[in-house]
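Everything below concerns the one structure shown next.
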Amino acid sequence: MKISLFYEFALPRPWTHDDEREMFSDGLDEVEAADKAGFSTVWLTEHHFLEEYCHSTAPEMFLAAASQRTRDIRLGFGVMHLPPAINHPARVAERIATLDRISGGRVEFGTGESSSVGELGGFNIDPADKRGQWEEALDVAIRCMIEEPFTGFKGNHIEMPARNVIPKPQQLPHPPVWVACTRPSSVQMAAQKGIGALSFAYTGPGPLAERVRGYYQEFEDKAEPTIPQMNPNILAIGGDLSMMVAPTDEQALRRLDVGGGFFSFGIMHYYMTGQHTPGRTGVWERYLDAVKEDETLAYGPGRGAIGSPDTVREFLRGYEESGVDEIILLLNPRSHEGTMESIELMGKHVLPEFIERDEKAVAAKAKRLEPILEKAEARRKPLASPVFDEDYAFGGLPTGRGGKFTASEIPEAMAEINEGRVQAAQRAKDEQ
């Protein structure tokens, strides 16, 4: 089982002007340390308008910075929202491929639909359309990465003409593709499409084992790949409390403090029960009030990788026994200094045995999956890409409705450039 980190970049109020800069700076230090410690991947979510709960609104920016301070750790989108009003699929392809190039091929392409009313409403997306938008956008984004040129698409939600989208990814034919899954039915859907399942199910190892078995059984029986490169893997979140490792259990609890349960509270506030006034509602303040009423919101035994190395090792072994391929450990409001020591202790005392067993497990799994992947390939339907019209070309000035509006800024700029050339030539002549 691989062990990875998961950032939401929560930032409780009150904020000072420099707090967000410090938050990202601390995060980069932590990812650099995690790379040295042997963590598999750093996963960043993407959310918009969910103030205090998540300030990871442009994960590709942070991951690009992290790529230049690390060597081995993989860089995961957990997830990038694919509705085109949030991220147009051509822009998705460009950003994924650029990061893959500058990182030397370390991108994990996690995808999703978006689920909160704050985000869907903020981008004027009808929730009834989000699954269809995700399916079309994933198809277009992957084709933009692999086709030279992309030959065009016209669907219910996206229409795009032929263009050659550049750059292309370092990983061929494209980085591993994942989809966010919160229900057993979405895990099944991921398996049927031959996509990795980012199973954001906040459950213990027992129920998770059944979900893992269901994913691989569905993959074997019904996988009909919709992307060129299948990704038969399932990932899960290791509890709902932030990772905090210290020499003793007592020290870990003190360092975790009250922030451990803010992730779950934020989900309830933004996705289910809360009413939010932008720029006004104090989410952290509400959380602290809720903790006063019920202290178990902030911490409960067995709900996260919290404690001494021995305690955390036993916690993680339970997930390993479930058969899951990767576990992600939350990093929510907590002590930066405590987190740096947590990462160091994980690297020295916890990760090595999991890394050793994972290397053997990956080799055994590859051999076990060979006939399953062959059967899935046999069920694959041809990619529905239109044939490229070799006579097609674009050019000239952009025009608007009925040809009445012409974007004239470039001709005007070129006229200025040409006039400048004439004047420079005349000055040079006069100086002679």
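Express in whole angstrom the spacing between the alpha-carbon centres of the stretch 373-427 and the stretch 107-143.
26 Å
Relative to the first principal axis of the alpha-carbon coordinates of the chain, what is the inclination of helix 351-379, with its axis defined by its Cα atoms, in degrees from 0 to 90 and to the nearest 10?
Between the helix axis and the principal axis of the chain, the angle is about 60 degrees.
Would you mind computing, in nm to one decimal, how far apart the modelled labels at ILE166 and MET268 are, each placed 7 Å from Cα along Cα→Cβ?
5.3 nm
Under the classification rounded if a/c is under 1.5, otherwise prolate if a/b is larger than b/c and oblate if not, where does the stretch 273-415 fall, given a ≥ b ≥ c as square roots of the Cα gyration tensor eigenvalues? Write down the numbers at each step before the final one.
On the way: a/c = 2.77, a/b = 1.42, b/c = 1.95.
Since a/c reaches 1.5 but b/c is at least a/b, the shape of the stretch 273-415 is classed as oblate.
Only Lys, Arg, Asp and Glu count, each charged at its Cβ (+1, +1, -1, -1), so figure out the dipole size of the stretch 119-233 about its Cα centre, rounded to 20 debye.
Values: 11 positive and 14 negative charges, 37 e Å.
Here the size comes out at about 180 debye.
Just subtract the alpha-carbon distance of THR406 and GLU20 from 0.36 nm times their residue separation and send over the number in nm, one decimal.
Working: separation 386, 0.36 × 386 = 138.96 nm, distance 4.17 nm.
Extending this stretch completely gives an extra 134.8 nm.
Loop only by DSSP, 11 or fewer other Cβ within 10 Å of the Cβ. Give me the trypsin sites (Lys or Arg not before Pro) in the stretch 36-102 that pass, ordered by residue number.
Values: sites: LYS36, ARG69, ARG71, ARG74, ARG91, ARG95, ARG101; in loops: ARG69, ARG71.
Counting only loop positions with at most 11 other Cβ atoms within 10 Å, the trypsin sites (Lys or Arg not before Pro) in the stretch 36-102 are ARG71.
Would you pull out the residues with amide H under 5 Å of ILE195's amide H, same chain only if 5 or more places away, H placed 1.01 Å from N?
Amide H neighbours of ILE195, under 5 Å, 5+ apart: ASN231.
Toward the positive end of the charge dipole of the chain, about the Cα centre and with charges on Cβ (Lys, Arg +1; Asp, Glu -1), which of ASN332, VAL350, PRO161 goes farthest?
Positive-end residue among those listed: PRO161.
Just going by the charge dipole of the chain, with Lys and Arg at +1 and Asp and Glu at -1 on Cβ, which of ALA197, VAL140, PHE123 is farthest out on the positive end?
Selected residue: VAL140.
Among 326-337, 273-284, how do they line up by average Cβ neighbours within 10 Å per residue, starting with the highest?
The peptides rank, most packed first, as 326-337, 273-284.
Assigning unit charges at the beta carbon (Lys, Arg +1; Asp, Glu -1) and nothing else, what dipole magnitude in debye, to the nearest 20, does the stretch 367-425 show about its Cα centre?
Working: 9 positive and 10 negative charges, 140 e Å.
For the stretch 367-425, the charge dipole is close to 680 debye.
Under a Cβ-only charge scheme (Lys and Arg +1, Asp and Glu -1), can you give me the dipole magnitude of the chain about the Cα centre, in debye to the nearest 20? It would help to have the intermediate numbers written out before the result.
On the way: 46 positive and 67 negative charges, 196 e Å.
Charge dipole of the chain: 940 debye, to the nearest 20.
Rounded to the nearest 500, what is the 222 nm mean residue ellipticity of the chain from helices alone, with -39500 (n - 2.57) per DSSP H run of 4+ residues and division by all residues? Display every interim value, and only then the final one.
Working: 14 runs with 198 residues, N = 432.
My calculation for the chain gives -15000 deg cm²/dmol from helical runs alone.
What distance in nm separates the two pseudo spin-label positions at SER335 and GLU356, each 7 Å out from Cα along the beta-carbon direction?
3.1 nm
Give me the mean projected area, in nm² to one decimal, of the convex hull enclosing the Cα positions of the chain. Let's see the in-between values first.
Numbers: hull surface 111.4 nm².
Here the figure is 27.8 nm², rounded to one decimal.
Run the numbers for GLU431 and ASP391: contour at 0.36 nm per residue of separation, minus the present Cα-Cα distance, in nm. Don't skip to the answer; put the middle values down first.
Details: separation 40, 0.36 × 40 = 14.40 nm, distance 5.01 nm.
Between GLU431 and ASP391, full extension yields an extra 9.4 nm.
Given the stretch 60-137, what whole percent of its Cα pairs are spread farther than 17 Å? Could you put the intermediate results ahead of the total?
On the way: 1424 of 3003 pairs.
Tail fraction, whole percent: 47.
Quote to one decimal, in nm, the extra length available between LEU288 and ARG91 on full extension: 0.36 nm per residue of separation minus the C-alpha distance between them. Before the final figure, lay out the partial values.
On the way: separation 197, 0.36 × 197 = 70.92 nm, distance 3.94 nm.
Net length gain for the segment: 67.0 nm.
Find the accessible area per residue for the chain; the probe is 1.4 Å, ligands and nucleic acids are left out, and the unit is Å².
On the way: 20860 Å² over 432 residues.
I get 48 Å² per residue for this part.
Set the Förster distance to 56 Å, then compute FRET efficiency between ARG183 and THR399 from the Cβ-Cβ distance, nearest 0.05.
On the way: r = 47 Å, r/R0 = 0.84.
So, using R0 = 56 Å, E works out to roughly 0.75.
Which listed residue (LEU256, ALA37, LEU82) has the Cα farthest towards the positive end of the charge dipole for the chain, taking +1 on Lys and Arg C-beta and -1 on Asp and Glu C-beta about the Cα centre?
LEU82
Can you send over the carbon and sulfur percentage of the accessible area for the chain, probe radius 1.4 Å, protein chains only? Spell out each step's value before the answer.
Details: 10970 of 20860 Å².
Carbon and sulfur together cover 53 percent of it.
With a point put 7 Å past each Cα toward its Cβ, work out how far GLN275 is from ARG13 in nm, to one decimal.
Between GLN275 and ARG13, the label points sit 1.6 nm apart.
Principal axis lengths of the stretch 130-232 from Cα atoms, whole Å, largest first?
Between the extreme Cα coordinates on each principal axis of the stretch 130-232 lie 48, 29, 25 Å.
The values are calculated or read from the model by the stated rules, or taken from the named source; none is laboratory data. Keep in mind that what you see is a predicted model, and the values were worked out from it rather than measured. When we count neighbours, we look across all protein chains shown, and the Cβ atoms used for this are built from the backbone with ideal geometry, even at glycine. The protein model used for the area step is the full one, side chains on, heavy atoms only, and it has no ligands, DNA or RNA in it. Shrake-Rupley method; radii C 1.70, N 1.55, O 1.52, S 1.80 Å.
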